[in-house]
Amino acid sequence: MIVQAIAGEYRRYRSLGERSIQSVEDAALHRPLTPDGNSLAILIQHVGGNLASRFADLLHQDGEASWRHRDREFDDSRRSRSDLLAIWNRGWDRLEANLAELSDGDLGRSVLIRGVPLTVAEALSRSLAHTAYHVGQIVLLARAHQGSAWQSLSIPRGASTNYAQAPTKEKPPAR
(Lines give C-alpha, C1' and ligand atoms only; values in the text may rest on other atoms or scores of the structure.)
Protein backbone atom coordinates (compact mmCIF):
# COMPACT_ATOMS: atom_id res chain seq x y z
CA MET A 1 0.00 0.00 0.00
CA ILE A 2 2.87 2.40 0.76
CA VAL A 3 4.75 1.51 -2.42
CA GLN A 4 1.52 2.00 -4.38
CA ALA A 5 1.05 5.44 -2.82
CA ILE A 6 4.63 6.41 -3.71
CA ALA A 7 4.12 5.15 -7.26
CA GLY A 8 0.97 7.28 -7.47
CA GLU A 9 2.88 10.39 -6.42
CA TYR A 10 5.56 9.71 -9.01
CA ARG A 11 2.81 9.37 -11.66
CA ARG A 12 1.38 12.70 -10.57
CA TYR A 13 4.75 14.44 -10.94
CA ARG A 14 5.42 12.74 -14.27
CA SER A 15 2.11 14.05 -15.55
CA LEU A 16 2.82 17.59 -14.30
CA GLY A 17 6.20 17.56 -15.99
CA GLU A 18 4.89 16.17 -19.26
CA ARG A 19 1.97 18.59 -19.46
CA SER A 20 4.37 21.47 -18.79
CA ILE A 21 6.84 20.28 -21.43
CA GLN A 22 4.03 19.85 -23.97
CA SER A 23 2.86 23.41 -23.37
CA VAL A 24 5.99 25.08 -24.74
CA GLU A 25 7.36 25.49 -28.24
CA ASP A 26 10.55 23.66 -29.19
CA ALA A 27 12.77 26.76 -28.96
CA ALA A 28 11.66 27.36 -25.35
CA LEU A 29 13.04 23.96 -24.34
CA HIS A 30 16.56 25.38 -24.60
CA ARG A 31 15.91 28.85 -23.15
CA PRO A 32 16.91 29.38 -19.50
CA LEU A 33 15.45 32.30 -17.57
CA THR A 34 18.91 33.50 -16.55
CA PRO A 35 22.29 33.13 -18.28
CA ASP A 36 23.52 30.63 -15.67
CA GLY A 37 20.17 28.89 -15.14
CA ASN A 38 18.91 25.53 -16.27
CA SER A 39 16.73 25.22 -19.34
CA LEU A 40 13.84 22.80 -19.66
CA ALA A 41 16.10 20.60 -21.80
CA ILE A 42 18.69 20.39 -19.03
CA LEU A 43 16.08 19.56 -16.41
CA ILE A 44 14.54 16.91 -18.67
CA GLN A 45 17.98 15.32 -19.20
CA HIS A 46 18.78 15.46 -15.49
CA VAL A 47 15.49 13.98 -14.27
CA GLY A 48 15.60 11.27 -16.93
CA GLY A 49 19.25 10.45 -16.23
CA ASN A 50 18.77 10.43 -12.49
CA LEU A 51 15.76 8.10 -12.60
CA ALA A 52 17.41 5.79 -15.15
CA SER A 53 20.46 5.49 -12.91
CA ARG A 54 18.68 5.15 -9.58
CA PHE A 55 16.25 2.58 -10.91
CA ALA A 56 18.43 0.59 -13.31
CA ASP A 57 18.23 -2.20 -10.73
CA LEU A 58 17.30 -0.62 -7.40
CA LEU A 59 17.62 -3.67 -5.19
CA HIS A 60 20.85 -5.11 -6.63
CA GLN A 61 23.07 -2.31 -8.00
CA ASP A 62 24.37 0.99 -6.70
CA GLY A 63 21.90 3.69 -7.73
CA GLU A 64 24.70 5.81 -9.14
CA ALA A 65 25.32 3.73 -12.26
CA SER A 66 28.84 3.60 -13.67
CA TRP A 67 27.52 4.53 -17.15
CA ARG A 68 25.87 7.73 -15.92
CA HIS A 69 27.62 11.01 -16.66
CA ARG A 70 25.71 13.38 -14.39
CA ASP A 71 27.67 16.49 -15.38
CA ARG A 72 26.74 16.00 -19.04
CA GLU A 73 23.06 16.16 -18.07
CA PHE A 74 23.67 19.86 -17.34
CA ASP A 75 25.05 20.60 -20.80
CA ASP A 76 22.44 21.86 -23.21
CA SER A 77 23.36 19.75 -26.21
CA ARG A 78 20.44 21.20 -28.22
CA ARG A 79 18.75 17.81 -28.50
CA SER A 80 15.42 17.65 -30.29
CA ARG A 81 12.16 17.38 -28.37
CA SER A 82 11.86 13.72 -29.35
CA ASP A 83 15.39 12.95 -28.14
CA LEU A 84 14.75 14.77 -24.86
CA LEU A 85 11.49 12.90 -24.34
CA ALA A 86 13.27 9.60 -25.03
CA ILE A 87 15.70 10.39 -22.17
CA TRP A 88 12.79 11.46 -19.95
CA ASN A 89 10.75 8.34 -20.74
CA ARG A 90 13.67 5.94 -20.28
CA GLY A 91 14.12 7.17 -16.71
CA TRP A 92 10.45 7.18 -15.85
CA ASP A 93 9.88 3.76 -17.42
CA ARG A 94 12.74 2.24 -15.39
CA LEU A 95 11.32 3.80 -12.24
CA GLU A 96 7.85 2.43 -12.92
CA ALA A 97 9.18 -1.05 -13.74
CA ASN A 98 11.16 -1.16 -10.48
CA LEU A 99 8.25 0.14 -8.40
CA ALA A 100 5.96 -2.50 -9.92
CA GLU A 101 8.30 -5.19 -8.56
CA LEU A 102 8.47 -3.75 -5.02
CA SER A 103 6.19 -4.52 -2.12
CA ASP A 104 5.87 -2.83 1.24
CA GLY A 105 7.96 -5.69 2.63
CA ASP A 106 10.95 -4.39 0.64
CA LEU A 107 10.93 -0.94 2.29
CA GLY A 108 13.35 -1.99 5.04
CA ARG A 109 15.84 -3.63 2.67
CA SER A 110 19.21 -1.97 2.18
CA VAL A 111 20.29 -0.43 -1.14
CA LEU A 112 23.30 1.66 -2.14
CA ILE A 113 23.39 5.13 -3.67
CA ARG A 114 26.94 6.34 -4.36
CA GLY A 115 28.15 3.62 -1.99
CA VAL A 116 26.01 4.89 0.89
CA PRO A 117 23.60 2.35 2.36
CA LEU A 118 19.97 3.45 2.60
CA THR A 119 16.76 1.59 3.18
CA VAL A 120 14.49 1.31 0.17
CA ALA A 121 12.10 3.64 2.01
CA GLU A 122 14.85 6.26 2.41
CA ALA A 123 15.95 5.91 -1.22
CA LEU A 124 12.38 6.30 -2.47
CA SER A 125 11.74 9.27 -0.22
CA ARG A 126 14.91 11.04 -1.39
CA SER A 127 14.21 10.25 -5.02
CA LEU A 128 10.60 11.42 -4.87
CA ALA A 129 11.61 14.70 -3.19
CA HIS A 130 14.41 15.25 -5.73
CA THR A 131 12.10 14.52 -8.64
CA ALA A 132 9.33 16.77 -7.27
CA TYR A 133 11.85 19.59 -6.81
CA HIS A 134 12.94 19.46 -10.44
CA VAL A 135 9.43 18.95 -11.81
CA GLY A 136 8.48 22.12 -9.91
CA GLN A 137 11.29 23.90 -11.77
CA ILE A 138 9.99 22.49 -15.06
CA VAL A 139 6.50 23.81 -14.30
CA LEU A 140 7.87 27.23 -13.34
CA LEU A 141 9.98 27.50 -16.51
CA ALA A 142 7.11 26.39 -18.74
CA ARG A 143 4.81 28.90 -17.07
CA ALA A 144 7.34 31.69 -17.52
CA HIS A 145 7.79 30.81 -21.20
CA GLN A 146 4.03 30.65 -21.78
CA GLY A 147 3.25 33.96 -20.06
CA SER A 148 -0.42 34.88 -20.30
CA ALA A 149 -1.10 31.79 -22.45
CA TRP A 150 -0.35 29.50 -19.49
CA GLN A 151 -3.12 27.07 -18.57
CA SER A 152 -3.12 26.09 -14.90
CA LEU A 153 -2.20 22.48 -14.19
CA SER A 154 -3.90 22.53 -10.81
CA ILE A 155 -6.53 24.77 -9.22
CA PRO A 156 -6.66 28.09 -11.07
CA ARG A 157 -6.59 31.30 -9.06
CA GLY A 158 -9.98 32.21 -7.73
CA ALA A 159 -11.38 28.70 -8.23
CA SER A 160 -10.58 27.13 -4.83
CA THR A 161 -14.14 27.22 -3.51
CA ASN A 162 -15.58 25.60 -6.63
CA TYR A 163 -12.81 23.03 -6.70
CA ALA A 164 -13.34 22.08 -3.06
CA GLN A 165 -16.90 21.08 -3.94
CA ALA A 166 -15.72 18.65 -6.63
CA PRO A 167 -12.00 17.81 -6.24
CA THR A 168 -10.95 16.08 -9.44
CA LYS A 169 -7.15 16.32 -9.25
CA GLU A 170 -6.47 14.64 -5.91
CA LYS A 171 -5.60 11.23 -7.32
CA PRO A 172 -2.61 10.70 -9.59
CA PRO A 173 -3.45 9.80 -13.18
CA ALA A 174 -3.57 6.09 -13.92
CA ARG A 175 -0.87 4.73 -16.21
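The values are calculated or read from the model by the stated rules, or taken from the named source; none is laboratory data. Bear in mind that the values here come from a model prediction, so they are computed numbers and not experimental data. When we count neighbours, we look across all protein chains shown, and the Cβ atoms used for this are built from the backbone with ideal geometry, even at glycine.
The listed residues are GLY158, GLY136, GLY115, and the only one of them that is modelled with pLDDT of 90 or more, small (Gly, Ala, Ser) and out of contact with any helix residue (DSSP H, G or I) (no Cβ under 9 Å at 6 or more places or on another chain) turns out to be GLY115.
Do the conditions hold for ALA132, that is, is it in contact (Cβ under 8 Å) with a residue 40 or more places away in the chain, touching a Phe, Trp or Tyr at 6+ places or on another chain (Cβ under 6 Å) and surrounded by 15 or more Cβ atoms within 10 Å (Cβ to Cβ)?
On the way: in contact (Cβ under 8 Å) with a residue 40 or more places away in the chain: yes; touching a Phe, Trp or Tyr at 6+ places or on another chain (Cβ under 6 Å): yes; surrounded by 15 or more Cβ atoms within 10 Å (Cβ to Cβ): yes.
Yes: the conditions hold for ALA132.
Does region 105-123 hold any residues that are loosely packed, with under 14 Cβ neighbours inside 10 Å, outside any loop (DSSP other than H, G, I, E, B) and not aliphatic (A, V, I, L, M), and which are they?
Residues of region 105-123 loosely packed, with under 14 Cβ neighbours inside 10 Å: 105, 108, 110, 114-117.
Cutting the leftovers down to outside any loop (DSSP other than H, G, I, E, B) gives us 105, 110, 116-117.
Listed by number, the residues that qualify are GLY105, SER110, PRO117.
Please work out if LEU58 is in a loop (DSSP other than H, G, I, E, B), surrounded by 11 or more Cβ atoms within 10 Å (Cβ to Cβ) and out of contact with any His (no Cβ under 9 Å at 6 or more places or on another chain). Lay out the reasoning, then the answer.
Numbers: in a loop (DSSP other than H, G, I, E, B): yes; surrounded by 11 or more Cβ atoms within 10 Å (Cβ to Cβ): yes; out of contact with any His (no Cβ under 9 Å at 6 or more places or on another chain): yes.
In short, yes.
Could you list, in sequence order, all residues of region 1-37 that are touching a helix residue (DSSP H, G or I) at 6+ places or on another chain (Cβ under 8 Å), aliphatic (A, V, I, L, M) and exposed (fewer than 14 other Cβ atoms within 10 Å of the Cβ)? Once the filter is applied, which keeps residues that are touching a helix residue (DSSP H, G or I) at 6+ places or on another chain (Cβ under 8 Å), aliphatic (A, V, I, L, M) and exposed (fewer than 14 other Cβ atoms within 10 Å of the Cβ), region 1-37 yields MET1, ILE2, LEU33. Kindly check whether there is at least one residue in region 32-49 that is hydroxyl-bearing (Ser, Thr, Tyr), part of a loop (DSSP other than H, G, I, E, B) and either in contact (Cβ under 8 Å) with a residue 12 or more places away in the chain or under 30 Å from LEU118 (Cα atoms) (or both). Yes, region 32-49 contains a residue that is hydroxyl-bearing (Ser, Thr, Tyr), part of a loop (DSSP other than H, G, I, E, B) and either in contact (Cβ under 8 Å) with a residue 12 or more places away in the chain or under 30 Å from LEU118 (Cα atoms) (or both). Being under 15 Å from VAL3 (Cβ atoms), over 19 Å from the mean Cα position of the chain (by Cα), buried (at least 17 other Cβ atoms within 10 Å of the Cβ) and modelled with pLDDT of 95 or more, is that true of even one residue in region 88-100? So far as region 88-100 goes, no, none of its residues is under 15 Å from VAL3 (Cβ atoms), over 19 Å from the mean Cα position of the chain (by Cα), buried (at least 17 other Cβ atoms within 10 Å of the Cβ) and modelled with pLDDT of 95 or more. Of the residues making up region 71-91, those that are out of contact with any Gly (no Cβ under 7 Å at 6 or more places or on another chain) and of a type outside the set (Asp, Glu) are ARG72, PHE74, SER77, ARG78, ARG79, SER80, ARG81, SER82, LEU84, LEU85, ALA86, ASN89.
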